[in-house]
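Student: My questions all concern the structure below.
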Amino acid sequence: MGSDIKSDVEYIHTNEALTFMQGVKDCIPTLLGYIGIGIAAGVIGTSAHLSIFEIGLLSALVYAGASQFIICAMLVAMSPPSAIIATTFIVNLRHFLMSAALAPHFTSYSLLRNVGIGALLTDESFGVASLRTSKGLPINDRWMNGLNVTAYITWIMACMAGGWIGSWIGNSEALGLDFALTAMFLALLVLQLAALPSSKLRHYLFLIACTIIAVYILSSFFSIYMAVLLATIICAAIGAVTEK
Amino acid sequence: MKVDLTVFLIIVGCALVTIIPRILPFAIIRRLQLPKPFTKWLSYIPVCLLTALVVQGAIRQTDSIPAINGLHLLIMLPTLFIAMKTKSLLITVITGVLCAALVRLIF
């Protein structure tokens with residue numbers, strides 16, 4: 001009986017330590033990525049003839065780096081609104097997978113809190129959160145909100161700053177800012193693998209090889225965003241089936 | 001502070017299709033118990049998705065078979081090395097951006 005109470009206290013303590021501020025702190029390593037990509041997205045917004053206010057609105061409402069690049073590119077190409085919206089939908093379908101993977105950890109909270117967490121989920125906040133869960137560490141709503149809100153505010157400010165400096169920076173690709181996105185995914189992947197027990201590493205490396213091949217093959221039949229989505233769905237299934 | 005009406009409607013439309021996949025799992029999963037094979041499948045999503053997103057950057061779609069972006073691979077190698085060596089998100093991103101800027105300066 002006594003030990004039960006003790007473990008309860010310990011549980012509350014570790015959970016208590018996971019504050020909003022801890023979420024803010026855990027977000028800091030990813031901020032440079034958000035700032036780099038955000039500025040780039042803002043610069044591209046300017047080149048698509050969006051006003052700074054429109055760039056701010058875009059980043060606050062859509063809040064997805066890849067989509068914002070695509071929306072701007074399609075605006076420049078004078079694509080019809082329906083095509084822009086449909087493409088954005090496909091590009092962001094991957095969020096469904098990320099939300100589905102994280103949602104089971106937040107089932108004890110109210111619907112409103114869940115919707116709040118889901119609405120601000122990004123590739124990076126998902127990466128940071130799933131890094132914790134794959135290590136078996138707890139996550140809670142306050143910590144997740146700290147992570148999400150920090151990223152959200154940083155993103156909007158970076159996009160608007162990018163829109164502002166867009167007029168005199170010229171080419172953001174020359175500065176390497178566009179690569180911040182890939183570098184961040186690469187780092188999150190390596191961190192995921194480093195957190196694995198060595199017995200599982202071989203299985204995951206096999207899956208990575210499958211995914212690389214799948215994306216390459218699928219991208220000759222589908223748009224690159226559809227290829228990413230399909231490769232993830234298929235290769236995660238291969239992972240589940242071949243698990244020992 | 002001008003907002004073009006068409007641009008505004010596009011932004012709102014894109015916002016809707018972006019937020020739905022984000023919040024839907026959070027709204028429904030809390031109501032039902034997930035079957036074991038499904039949670040198993042979900043556990044493999046992060047690594048597969050991150051791999052796919054990395055590969056996405058290195059592929060250039062053409063009319064025939066997709067081409068591999070050699071410059072991108074060239075930037076990726078030192079970035080991957082630094083990621084494995086430091087296991088730091090921040091240092092990896094800085095390395096990646098610097099390498100990208102350097103490679104584009106040279107080529």
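Student: Got a sec? Which of A:Leu121, A:Leu58, A:Leu102 is under 28 Å from A:Ala227 (Cα atoms) and either surrounded by fewer than 23 Cβ atoms within 10 Å (Cβ to Cβ) or more than 15 Å from the chain's Cα centre (by Cα) (or both)? Give the derivation first.
Tutor: On the way: A:Leu121 fails: either surrounded by fewer than 23 Cβ atoms within 10 Å (Cβ to Cβ) or more than 15 Å from the chain's Cα centre (by Cα) (or both); A:Leu102 fails: either surrounded by fewer than 23 Cβ atoms within 10 Å (Cβ to Cβ) or more than 15 Å from the chain's Cα centre (by Cα) (or both).
The unique qualifying residue is A:Leu58.
Student: Then there is this: If you take just the helices (runs of 4 or more DSSP H) that sit entirely in chain B, which of them hold at least 2 residues that are among the basic types (Lys, Arg)?
Tutor: Answer list for chain B: B:36-43.
Student: Continuing with the same structure: Are there any pairs, at least 6 apart or on different chains, whose C-beta atoms fall under 9 Å, with the first in segment A:228-239 and modelled with pLDDT of 90 or more and the second of a type in the set (Val, Ile, Thr) and not in a helix (DSSP H, G or I), and if so, which?
Tutor: Short answer, once both residue conditions are applied: none.
Student: Go through segment A:117-134 residue by residue and tally those that are facing another protein chain (nearest Cβ under 8 Å) and of a type outside the set (A, V, I, L, M).
Tutor: 6
One line per residue, one yes/no per condition, for (1) in contact with a Ser or Thr (Cβ under 6 Å, 6 or more places away or on another chain); (2) more than 7 Å from chain A (Cβ to nearest Cβ):
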{"residue": "B:Ile19", "(1), (2)": "no, no"}
{"residue": "B:Lys36", "(1), (2)": "no, yes"}
{"residue": "B:Ala52", "(1), (2)": "yes, no"}
{"residue": "B:Ala67", "(1), (2)": "no, yes"}
{"residue": "B:Leu80", "(1), (2)": "no, no"}
{"residue": "B:Lys85", "(1), (2)": "no, yes"}
{"residue": "B:Leu90", "(1), (2)": "no, no"}
{"residue": "B:Val97", "(1), (2)": "no, no"}
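Student: Taking A:Phe206 and the conditions (1) aromatic (Phe, Trp, Tyr); (2) under 15 Å from the mean Cα position of the chain (by Cα); (3) under 22 Å from B:Val47 (Cα atoms), which numbered condition does it fall short on, given that it satisfies the others?
Tutor: (2)
Student: Is it the case, given these coordinates, that B:Leu24 is at the interface with chain A (Cβ under 7 Å from one of its Cβ atoms) and under 16 Å from the mean Cα position of the chain (by Cα)?
Tutor: Numbers: at the interface with chain A (Cβ under 7 Å from one of its Cβ atoms): yes; under 16 Å from the mean Cα position of the chain (by Cα): no.
Judged against the criteria, B:Leu24 is not a match.
Student: Which one of these is over 30 Å from A:Ile117 (Cβ atoms), at pLDDT 85 or above and assigned to a helix (DSSP H, G or I): A:Ile156, A:Ile213, A:Ile208, A:Ile165?
Tutor: Working: A:Ile156 fails: over 30 Å from A:Ile117 (Cβ atoms); A:Ile208 fails: over 30 Å from A:Ile117 (Cβ atoms); A:Ile165 fails: at pLDDT 85 or above.
Just one listed residue meets the conditions, A:Ile213.
Every residue, every condition in (1) of a type in the set (A, V, I, L, M); (2) under 19 Å from the mean Cα position of the chain (by Cα); (3) closer than 30 Å to A:Phe222 by Cβ, yes or no:
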| site | (1), (2), (3) |
| --- | --- |
| B:Ile65 | yes, no, yes |
| B:Ile94 | yes, yes, no |
| B:Leu102 | yes, no, no |
| B:Ile106 | yes, no, no |
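The values are calculated or read from the model by the stated rules, or taken from the named source; none is laboratory data. Every value quoted in this text rests on a predicted model; they were computed, and no experiment measured them. Virtual Cβ from ideal backbone geometry, glycine too; neighbours counted across all protein chains shown.
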